[in-house]
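What follows is a short report on a single structure.
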Amino acid sequence: MSKVWFLVLVVVCHGIFSNGVVTNSSTRPDVVKDSNYSGFLGIVEALKFMEKETVAIIGPQQSVTAHIISHIANELQVPLLSYSATDPTLSSLQFPFFVRTAQNDLYQMAAIADLVNYYGWREVIAIYVDDDHGRNGIAALGDKLAEKRCRISYKAPMPPDPTRDEITDLLVKVALMESRIVVLHTYAGPGPMVLNVAQYLGMMGTGYVWIATNWLTTILDTNAPLDSDATDDFQGVITLRMYAPDSELKRKFVSRWNNLTSGKSTNGSFGLSTYGLYAYDTVWLLAHAIDAFFNQGGIISFSNDSRLTELHGGSLNLDAMSIFNGGNLLLQNILQVNMTGVTGPIKFTSDRDFIYPAFEVINVIGTALRRIGYWSNYSGLSVLPPEMLYAKPPNRSSESQRLYPVIWPGQTTERPRGWIFPNNGRHLNIGVPKRVSYREFVSQVESTDLFKGYCIDVFTAALNILPYAVPYKLIPFGDGINNPSSTELVHLITTGVYDAAIGDIAIITNRTKIVDFTQPYVESGLVVVAPVSRLNSNAWAFLRPFTPMMWGVTAIFFLIVGAVVWILEHRINDEFRGPPKKQVVTVLWFSLSTLFFAHKENTVSTLGRLVLIIWLFVVLIINSSYTASLTSILTVQKLSSSVKGIESLINSKDPIGYQQNSYARNYLVEELGIHESRLVPLNMPEDFAIALKKGPQGGGVAAVVDERAYVDLFLSTRCEFSIVGQEFTKAGWGFAFPRDSPLAIDMSTAILRLSENGDLERIHDKWLTRSACTSQSSTFEVDRLQLKSFWGLFLICGLACLLALIVYFILMVRQFSRHYSDDFESSGRSSGSKSFQTFLTFVDEKEEDVKNRSKRRQMEKASNRSVGEDESTNGSKRRYTESCSSKSLDRCEEA
């Protein structure tokens, strides 16, 4: 065991920034070699050391070298541990013996993607070294940005060891791009030169955002403290640093490191970056794994590689390399290590990454590094250290993402917009529909490249509000014979033919899936236009407010309520009694008089009053509705049409017109299920008018379905047509831009300002206000009041009548059984018809007469009972006397 610790400590003492190879040689002059960032030297030295019996490799530093050496490690089954090869493509599937002992660049790129999304940017420019480390890292960044609906708009590769002129040429191209968010993924060597050239070219000023990967913090930590001249090129840059939580173990190690390196550099001591911390932990991780290897009975032994034996000879001496027989066991022990190092908890996931990947987000200000927050794969961006969040449930919501304020390049705290229009002479190519009808919205001036119209004025007014200039060129779309399809125009934005599209473009679902629209500047849903005729008043206009069914049901309820009240009042109210003819007249008079609340008959019974109150409420509602409807009919001129709205069109078989190349056709077919054979395309407003006048019988159409904005303009000069029914879709017009275009957001804000300050209304009045039919006070004929509008009232009234009759019937039965029970008992079982006749007679009698007759019967019964009792007493006395006469006198006297 002591031998293993000696091997590990040798690596540490000779420096932790080089490639270390742990061997089994008893005599080895060097166990540490520095390749000085040379991939070639790293490979040669690795091959040289692999000629000896090697059990593990620590290093290399660069991902390029790691790719090559990993093939050797796989062949010889020697674990390769690297604390700085962060290329995400160094996967365990391709290189099973490669073990990354630092954070994967995949997580660093995820942190950058979260930063871009947090600040609301959508496009970035990537500058990177053109090798495995740079290309694969930027590829991972592109994937992570795509998850946030962001993208890399321009990739700028550079050689691994570029010259200043090469960097200058590259940055000049970057400066001509639209995006101002630059991600710099390179090495510590060329990175500062890139920022220095950017400073020289004025690319470190206001409006730019520079995000550097952790190469920058490696420089700043290793060479700290730096003077102001050395950090001038870094001002306002955001960078990342692998996170190592503060601990007593870390503080002691940093103190020992400072004591060890003090006086060995011009700054007093060598700085210690997080790569140094991970290198230290890598050595201890390997020591723990080898310790576990021996504890499990592992034996260090080697065997020849048959494939290398065939390559014997030559100065490389490749056949001297041998396979480590315990490589798989040592690899498993490495992956199972669970310890706490100076970088925090060390444990591998199933993907062979460290648990709890996290980074510090750093803002370089002055000569200091200002931490503005943290990023962790657990909860994203936060101002709290990651270890404080692990005890809570993960929260990736936008509300939980937070960072401290940043001082951006140019010494400003205002968040940069992140893009400008490139100063490369290129204009925005904006497609404009070349309409042949309704040219008030948009039209091309004859023999020029200019356009005019309502939509054009709105667009130019919105551009004038923007705080920056927008170079653009309007390009006509269409043949000038037929109205062009807005869907095709929008689709050309996705193919790159146009950078935007303006005009009468409706915002509908299938278009929003491929482009972004601005705030609508016109509300325009689909409506139905049909011919109308004036509906004049006549002698029978008073019947028009109600439908025949409504009139019939109302009349029936008048009679029903009158009959119910008569039944309830007939026995106790003299006003509802008399000869049959008088009673019929009373019922009819009482019913009709309630219409005017002029009934003179008093109701006495509680049930009758309840029914009457409910009925009077119903009458009040009906009367008010009738009065309002009749007033409208007699005072406002009405328009009538055989088409009532979109529902009547769907149910009919008549042809329907629509504007050619309008989305109305697809909506009618796909959404409403109208057969295509019924649809007639129309191009000009004159075609609309002719087809509507002809009608279905004359080869025309029953109605036209079109957008509200066109229809309003069409009807402004054609008073014989009108909109029927309600607007059955809600849509609007907007300007179209590519997905995630920042210009769409700024234009939406500008359109809102136009609406708020009244400019949008003034532009509308300039182009679209017509006065030919606006003075008319005619309205379209409203539907007559139908039974469905009042069935609830009639239901309540009917239930009240039914309930009152049921209660009344129960009371009558009880009274009848009480007054006639004796008669039925004395006469025995009687026939049903006779009993029913008796009951009807009882119901028809006045209640007072019934009560008087009941009293007389009770008095007669009482009188009969008293006479019967006297006769019974006298009879008993006579029987007693007769009995005594037949017996002896003495015995009677004794009795």
Collect the residues in the stretch 458-489 that are of a type in the set (D, E, K, R) and over 19 Å from Asp499 (Cα atoms), keeping them in residue-number order. Asp479
Top-ranked residue in the stretch 176-211 [being free of Cβ contacts under 8 Å to residues at least 40 places away in the same chain and among the hydrophobic types (A, V, I, L, M, F, W, C); ranked as farthest from Gly134 (Cα to Cα)]: Leu201
Say whether the condition of being buried (at least 24 other Cβ atoms within 10 Å of the Cβ), under 37 Å from the mean Cα position of the chain (by Cα), of a type in the set (Ser, Thr, Tyr) and not in a strand (DSSP E or B) is met by at least one residue in the stretch 77-99. yes
Within the set of pairs 6 or more residues apart or between chains, which connect a residue that is under 10 Å from Ala66 (Cβ atoms) inside the stretch 77-90 to a residue that is of a type in the set (Asp, Glu) and surrounded by 24 or more Cβ atoms within 10 Å (Cβ to Cβ) with Cβ atoms less than 7 Å apart? Thr86/Asp105; Asp87/Asp105
What is the one condition in (1) touching a residue at least 40 places away in the same chain (Cβ under 8 Å); (2) buried (at least 17 other Cβ atoms within 10 Å of the Cβ) that Gly410 does not satisfy? (2)
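Out of everything in the stretch 333-347 that is farther than 23 Å from Ile112 by Cα and touching a residue at least 60 places away in the same chain (Cβ under 8 Å), what residue ends up being most open to solvent (accessible area, probe 1.4 Å)?
Restricting attention to the stretch 333-347, the residues satisfying the condition of being farther than 23 Å from Ile112 by Cα are 333-342, 345-347.
Restricting the remaining residues to those that are touching a residue at least 60 places away in the same chain (Cβ under 8 Å) gives 334-335, 340-342, 346.
Numbers: Ile334: 0, Leu335: 36, Thr340: 98, Gly341: 4, Val342: 2, Ile346: 2 Å².
Among those residues, the one meeting the criterion is Thr340.
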Go through (1) at pLDDT below 90; (2) among the charged types (D, E, K, R); (3) touching a Phe, Trp or Tyr at 6+ places or on another chain (Cβ under 8 Å) for Asp229 and report which single condition fails. (3)
Residues satisfying the stated conditions in the stretch 140-165, i.e. part of a loop (DSSP other than H, G, I, E, B) and polar (S, T, N, Q): Thr163
State which residue pairs qualify: first residue charged (D, E, K, R) and inside the stretch 651-666, second residue assigned to a helix (DSSP H, G or I) and surrounded by fewer than 22 Cβ atoms within 10 Å (Cβ to Cβ) in any location, beta carbons under 9 Å apart, and separation of 6 or more residues or different chains. Lys653/Arg678; Lys653/Pro696; Asp654/Arg678; Asp654/Pro696; Arg665/Glu676
Looking at Ile430 and the list (1) buried (at least 17 other Cβ atoms within 10 Å of the Cβ); (2) touching a Gly at 6+ places or on another chain (Cβ under 9 Å); (3) closer than 30 Å to Leu463 by Cα; (4) of a type outside the set (Gly, Ala, Ser), which single condition is not satisfied? (2)
Which of the residues belonging to the stretch 419-450 are within 20 Å of Leu492 (Cβ to Cβ), at pLDDT 90 or above and assigned to a loop (DSSP other than H, G, I, E, B)? Lys434, Arg435, Val436, Phe441, Val442
Within the stretch 490-505, is there a residue that is hydroxyl-bearing (Ser, Thr, Tyr) and surrounded by fewer than 17 Cβ atoms within 10 Å (Cβ to Cβ)? yes
Within the stretch 130-139, is even one residue touching a helix residue (DSSP H, G or I) at 6+ places or on another chain (Cβ under 8 Å), assigned to a strand (DSSP E or B) and touching a residue at least 40 places away in the same chain (Cβ under 8 Å)? no
Could you identify the single residue in Ala85, Ala73 that is within 15 Å of Tyr278 (Cβ to Cβ) and of a type in the set (A, V, I, L, M)? Ala85
Among the residues of the stretch 674-696, is any over 19 Å from Phe441 (Cβ atoms), part of a strand (DSSP E or B), touching a residue at least 40 places away in the same chain (Cβ under 8 Å) and open to solvent by less than 60 Å² (accessible area, probe 1.4 Å)? no
Selection over the stretch 32-64 where residues are surrounded by fewer than 17 Cβ atoms within 10 Å (Cβ to Cβ) and modelled with pLDDT under 70 yields a count of 3
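The values are calculated or read from the model by the stated rules, or taken from the named source; none is laboratory data. Note that the coordinates shown come from a computational prediction; the quantities given were computed from them, not determined experimentally. All Cβ positions, even for glycine, are placed from backbone atoms using ideal geometry, and neighbour counts span all protein chains on display. Quick note on the areas: whole protein, heavy atoms, side chains included, nothing else; ligands and nucleic acids left out. Shrake-Rupley method; radii C 1.70, N 1.55, O 1.52, S 1.80 Å.
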